[in-house]
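Below is one structure; the comments refer to it alone.
The values are calculated or read from the model by the stated rules, or taken from the named source; none is laboratory data. Treat the numbers as computed from the prediction; the structure is a model and nothing was measured. Positions of Cβ are backbone-derived with ideal geometry, glycine not excepted, and every protein chain shown enters the neighbour counts. These area figures cover heavy atoms from the full protein model, side chains too; ligands, DNA and RNA do not enter into them. Shrake-Rupley method; radii C 1.70, N 1.55, O 1.52, S 1.80 Å.
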Amino acid sequence: MPKTAIYPGSFDPVTNGHIDLITRAARIFDKVIVAVAHNYHKKPIFTTPERVKMLKETTKGIKGVTVESFEGLVIEYAHTKKVNVLIRGLRMISDFEYEFQMALTNRRLAQDIETVFLMPSESYAFLSSTLLKEAAALGADVSQFVPKSVEKPLKERLRR
Ligand code: ADP
């Protein structure tokens with residue numbers, strides 16, 4: 001049986017940190033499903049299909065990676081996909097509390113599912129979509145933080 005993992009998130013938009021993590025996950029698992037959360041409370045600037053499209057474009061060179069979207073609980077989505085591993089990223093200590101709570105909540109809700117944490121390259125350890133959007137909205141050049149194909153849509157969206 002090929003080993004599959006789901007990497008869930010909002011990816012609003014995908015950053016080089018996400019790509020770094022997907023690349024690492026693809027080295028460990030036969031298949032990695034990048035799963036874009038649809039019902040996201042943070043009011044994303046990109047629609048779900050836009051986020052999926054950007055991820056598909058930027059991960060097409062990474063073997064074993066597919067991109068989908070999902071609604072509702074990630075553990076239910078994982079059950080429907082018959083996958084029992086979730087990938088999450090740990091950047092700073094500050095991620096730890098939230099990720100720890102979420103992993104343990106998910107474990108209570110679904111004992112068969114494990115969360116596996118991966119650390120990005122230190123070059124991306126500070127990078128978040130939220131900060132990136134703030135900086136880009138204030139006119140910062142964010143080209144070193146996002147894939148080339150994301151730069152333009154990000155600038156355009158924030159200009160509105
Ligand atoms: P969410 O809002 O669900 O946390 P994100 O798209 O912000 O979704 O992040 C998805 C996952 O990717 C999270 O586990 C997050 O910690 C991780 N992540 C985000 N940015 C980075 C980065 N620069 N390096 C490593 N992991 C990251």
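Could you identify the single residue in Ile6, Ile22, Ile28 that is hydrophobic (A, V, I, L, M, F, W, C) and open to solvent by 30 Å² or more (accessible area, probe 1.4 Å)? Outline the logic, then answer.
Working: Ile6 fails: open to solvent by 30 Å² or more (accessible area, probe 1.4 Å); Ile22 fails: open to solvent by 30 Å² or more (accessible area, probe 1.4 Å).
Step by step, each of Ile6, Ile22, Ile28 is checked, and only Ile28 is hydrophobic (A, V, I, L, M, F, W, C) and open to solvent by 30 Å² or more (accessible area, probe 1.4 Å).
Are there any pairs, at least 6 apart or on different chains, whose C-beta atoms fall under 6 Å, with the first in the range 79-106 and under 27 Å from Asp30 (Cβ atoms) and the second in a helix (DSSP H, G or I) and within 10 Å of the ligand (Cβ to nearest atom), and if so, which?
Correct list of pairs: Arg88/Glu99; Gly89/Leu21.
With Ala125, Ala78, Ala103 as the choices, which residue is over 29 Å from Asp141 (Cα atoms), within 12 Å of the ligand (Cβ to nearest atom) and small (Gly, Ala, Ser)? First the steps, then the outcome.
Values: Ala125 fails: over 29 Å from Asp141 (Cα atoms); Ala78 fails: within 12 Å of the ligand (Cβ to nearest atom).
Exactly one of Ala125, Ala78, Ala103 is over 29 Å from Asp141 (Cα atoms), within 12 Å of the ligand (Cβ to nearest atom) and small (Gly, Ala, Ser), namely Ala103.
May I ask you to say which residue of Leu131, Leu158 is aliphatic (A, V, I, L, M) and modelled with pLDDT of 90 or more?
Values: Leu158 fails: modelled with pLDDT of 90 or more.
Only one candidate qualifies: Leu131.
Looking at Val52, Val34, which one is of a type in the set (A, V, I, L, M), within 10 Å of the ligand (Cβ to nearest atom) and under 23 Å from Ala136 (Cβ atoms)?
Numbers: Val52 fails: within 10 Å of the ligand (Cβ to nearest atom).
Matching residue, one of Val52, Val34: Val34.
Just one of the numbered conditions (1) over 12 Å from the mean Cα position of the chain (by Cα); (2) near the ligand (Cβ under 9 Å from one of its atoms) is not true of Val14; which one?
(1) is the only condition that Val14 fails.
Among residues belonging to the range 112-136 that are of a type in the set (Asp, Glu) and in a helix (DSSP H, G or I), point out the one that is nearest to Gly61 (Cα to Cα).
Here the residue is Glu122.
What residue, among those in the range 78-114 that are closer than 13 Å to Ala5 by Cβ and either touching a helix residue (DSSP H, G or I) at 6+ places or on another chain (Cβ under 6 Å) or among the hydroxyl-bearing types (Ser, Thr, Tyr) (or both), is surrounded by the most Cβ atoms within 10 Å (Cβ to Cβ)?
So the residue we want is Ile87.
Which one of the conditions (1) open to solvent by less than 90 Å² (accessible area, probe 1.4 Å); (2) more than 21 Å from Leu55 (Cα to Cα); (3) away from the ligand (no atom under 14 Å from the Cβ); (4) part of a helix (DSSP H, G or I) does Gly139 fail to meet, given that it meets all the rest?
In the conditions (1) open to solvent by less than 90 Å² (accessible area, probe 1.4 Å); (2) more than 21 Å from Leu55 (Cα to Cα); (3) away from the ligand (no atom under 14 Å from the Cβ); (4) part of a helix (DSSP H, G or I), Gly139 misses (4) alone.
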